[in-house]
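See below for the structure under consideration.
The values are calculated or read from the model by the stated rules, or taken from the named source; none is laboratory data. As the structure is a computational prediction, the values presented were derived from the model and not from experiment. We place every Cβ from the backbone using ideal geometry, glycine too, and count neighbours over all the protein chains shown.
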Amino acid sequence: MVNPLAVVPSFISLTGGVSRATRASVAFVAGLSCVIVLAVFLLAGNYLFDFFGITVPAFQIMGGILFLTNALRTLVADDRRAYNVGGEKRMEDHDVEKAEIDPTSIAIVPLAVPMLSGPGAITSVMVLVNLYPHIEQKMAVLVAIAAVGAVSWIVLLAAMPLSRMIGDRGRAVVAKIMALLLGAIGIQFIINGITPIAVEIMKSS
């Protein structure tokens with residue numbers, strides 16, 4: 001559940017006023033850190049499940065609830081107060097504070113974690129590691145994680161021209177569409193988690 005398009009506004013705000021080389025370096029470190037974090041959870045996911053005694057259905061249900069709440073928060077958010085009469089995004093005080101942060105200090109936190117490899121992405125990896133336990137399947141997931149990191153890096157590199165092309169309203173529309181899809185995925189996660197539990201209850205009764 002990595003959505004680099006949703007990170008573009010924060011990336012632009014946090015790297016405002018820096019050189020192109022510095023911005024490219026921040027984008028690279030953020031993408032690489034995202035891959036490393038998700039790969040660690042991919043390789044250590046089984047040990048974490050065994051240590052805490054967590055089942056896949058339980059994690060699917062919790063992940064589904066997390067996806068659904070995040071999606072609802074985005075879908076019902078009121079963005080009207082964030083824009084001026086002309087449709088331009090209003091500069092807030094916290095945006096000015098963020099722009100003054102050293103760009104090299106924000107590549108890992110908050111860009112890589114939790115914006116790129118947040119709870120949703122980690123939950124997806126933890127579920128996949130239990131659904132596909134064989135080494136060749138894990139390698140396939142690892143390749144997919146690397147591809148996601150590369151795409152995130154490219155999107156962040158293109159953040160400035162992409163932002164000018166789609167505008168603030170365009171980013172808001174993309175965010176709403178992604179939130180709708182995320183909510184549907186969350187509901188499906190909950191269904192997938194509840195189904196085996198319901199089957200076990202029916203068999204035992």
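Output the residue which, of all residues in region 107-138 that are in a loop (DSSP other than H, G, I, E, B) and modelled with pLDDT of 85 or more, is surrounded by the most Cβ atoms within 10 Å (Cβ to Cβ).
Of the residues in region 107-138, the ones in a loop (DSSP other than H, G, I, E, B) are 117-118, 132-134.
Checking the rest, the ones that are also modelled with pLDDT of 85 or more come to 117, 134.
On the way: 117: 28, 134: 8.
The qualifying residue surrounded by the most Cβ atoms within 10 Å (Cβ to Cβ) is 117.
So how many residues does region 36-58 have that are surrounded by 19 or more Cβ atoms within 10 Å (Cβ to Cβ) and at pLDDT below 80?
Selection size over region 36-58: 1.
In region 8-28, which residue that is buried (at least 18 other Cβ atoms within 10 Å of the Cβ) and modelled with pLDDT of 85 or more is farthest from residue 127 (Cα to Cα)?
Across region 8-28, the extreme among qualifying residues is 23.
Give 172, 150 a once-over and let me know the one that is assigned to a helix (DSSP H, G or I) and closer than 26 Å to residue 72 by Cβ.
The match here is 172.
Which pairs do you get when a residue that is closer than 18 Å to residue 54 by Cβ, found in region 193-205, comes within reach of a residue that is of a type in the set (S, T, N, Q), reach meaning Cβ atoms under 7 angstrom, with the pair 6+ apart or on two chains?
Once the first residue is closer than 18 Å to residue 54 by Cβ and sits in region 193-205, its partners that are of a type in the set (S, T, N, Q) give 193/60.
Got a sec? Which of 45, 16 is of a type in the set (Gly, Ala, Ser), touching a residue at least 24 places away in the same chain (Cβ under 8 Å) and in a helix (DSSP H, G or I)?
Just one listed residue meets the conditions, 45.
Restricting to region 141-192, count the residues that are crowded, with 18+ Cβ neighbours inside 10 Å and of a type in the set (Ser, Thr, Tyr).
1
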